[in-house]
Amino acid sequence: MKKLTPKQKKSVTVRSISGFIFMALMIVGALWKYAFPIVMLCVIVILMDEYLQLAIGDGEWLQKSLSVISGVSGFLLAYLHYGFGLPSRYILLCIIPILAEFIVMLYLNNETEKYTKGLSLFSGIIYIALPLTLSNLMVFNASGNYDGKMILTMMFLVWANDCGAYVFGMLFGQNPGHKLFPSISPKKSWEGVWGGAFFTVLAAIILCTIKFVPLGWGHFAILALIAAVFADYGDLVESQIKRHYGVKDAGNIMPGHGGLLDRFDSLLFVLPAAVIYLKMASLI
């Protein structure tokens with residue numbers, strides 16, 4: 001086991017404080033029906049801004065705005081549909097900004113820019129806005145009653161995985177360690193993967209024991225597996241995006257973590273996978 005240097009200890013402290021504030025905001029947002037859309041809309045805007053800044057850079061404010069408007073409107077219309085009975089046909093309105101942004105792209109002079117920027121604008125909606133929009137399926141039941149404990153359960157599992165991966169990776173996965181995917185993320189190790197999985201299972205056991213949500217051991221085991229596996233893939237995908245664009249962090253809004261996208265990368269993959277399982281099992 002490697003002893004932490006003073007610099008690493010300071011990094012852990014800053015990261016912990018920043019993470020605690022982030023988690024507190026997300027917990028409040030998940031538990032209160034009217035805070036939920038405010039928090040999630042802010043998250044979508046920040047994440048899409050960070051992603052589009054990486055993919056497109058400065059400028060193109062109109063196309064970026066249309067992309068963000070599409071993502072925001074999709075979430076908001078879904079929230080109003082599942083929580084307040086807004087007819088589902090209105091969700092289709094979020095497609096209008098997507099069409100508009102592709103029309104705007106036609107007027108770019110550079111043919112390569114038309115393709116790459118158009119793809120980036122659309123992929124931001126799929127990568128960020130769609131997974132967070134699906135979270136509405138977790139917080140509303142068929143009668144439109146709100147309960148944020150299910151999405152909070154998935155957040156707890158992802159946070160446990162992140163914490164375990166960070167601690168075990170720092171203590172056991174550095175020099176030499178067993179690298180997970182060195183071509184994409186040189187610092188990620190198998191020690192971190194197994195540490196994250198251990199913490200995820202531990203969190204699932206605690207949540208099931210206290211009956212945080214009315215699910216049995218089998219369902220919690222599957223959700224823990226989903227969180228552990230897809231959190232790692234979400235992390236790796238975001239690392240690949242950053243490596244492609246030659247940046248270390250997606251932003252600097254969170255001290256010790258980087259950008260908000262660096263904190264949400266795992267959840268963006270875990271939420272869709274969890275929604276699919278919960279829907280197929282008729283649990284939501």
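I need the semi-axes of the equivalent ellipsoid of region 224-277: take the C-alpha gyration tensor, multiply each eigenvalue by 5, square-root it, list largest first in whole angstrom.
After scaling each eigenvalue by five and taking roots: 22, 12, 8 Å.
Using 0.36 nm per residue of separation minus the Cα-Cα distance, give me the extension gain between THR13 and LYS211 in nm, one decimal.
Numbers: separation 198, 0.36 × 198 = 71.28 nm, distance 3.13 nm.
Fully extending the segment from THR13 to LYS211 adds 68.1 nm.
Taking only DSSP H segments of four or more residues, each worth -39500 (n - 2.57), what value at 222 nm results for the chain once the sum is divided by all its residues, to the nearest 500 deg cm²/dmol? Before the final figure, lay out the partial values.
On the way: 11 runs with 199 residues, N = 284.
The helix contribution divided over the chain gives -23500 deg cm²/dmol.
How much length is gained on full extension from SER282 to THR116, taking 0.36 nm per residue of separation minus their Cα-Cα distance?
Answer, rounded to one decimal: 55.8 nm.
Take each of the peptides 151-162, 269-280, 18-29, average the number of other beta-carbon atoms within 10 Å over its residues, and list them starting from the highest.
Values: 151-162: 24.5, 269-280: 19.6, 18-29: 15.2.
Packing proxy ranking, top to bottom: 151-162, 269-280, 18-29.
Within the P(r) computed for the chain, what percentage of the Cα pairs occupies the region above 24 Å?
Cα-Cα pairs in the chain separated by more than 24 Å: 53 percent.
Ranked from highest to lowest mean number of other Cβ atoms within 10 Å per residue, what is the order of the peptides 81-87, 202-208? Could you put the intermediate results ahead of the total?
On the way: 81-87: 13.9, 202-208: 18.4.
In descending order of packing, they fall as 202-208, 81-87.
Quick one: if you stick a label point 7 Å off each Cα along the C-beta vector at LEU86 and VAL247, how many nm between them?
2.9
Express the Stokes-Einstein translational diffusion coefficient of region 131-270 in µm² s⁻¹, to the nearest whole number, given a Kirkwood radius over alpha-carbon pairs, 4 °C and a viscosity of 1.567 mPa s.
Calculated translational D: 82 µm²/s.
Just the number please: accessible area per residue for region 128-284, 1.4 Å probe, all protein chains included, in Å².
Here the per-residue accessible area is 45 Å².
The values are calculated or read from the model by the stated rules, or taken from the named source; none is laboratory data. On a predicted model such as this, the values are computed, not experimentally measured, just so you know. All Cβ positions, glycine included, derive from the backbone under ideal geometry; neighbour counts span all protein chains shown. Quick note on the areas: whole protein, heavy atoms, side chains included, nothing else; ligands and nucleic acids left out. Shrake-Rupley method; radii C 1.70, N 1.55, O 1.52, S 1.80 Å.
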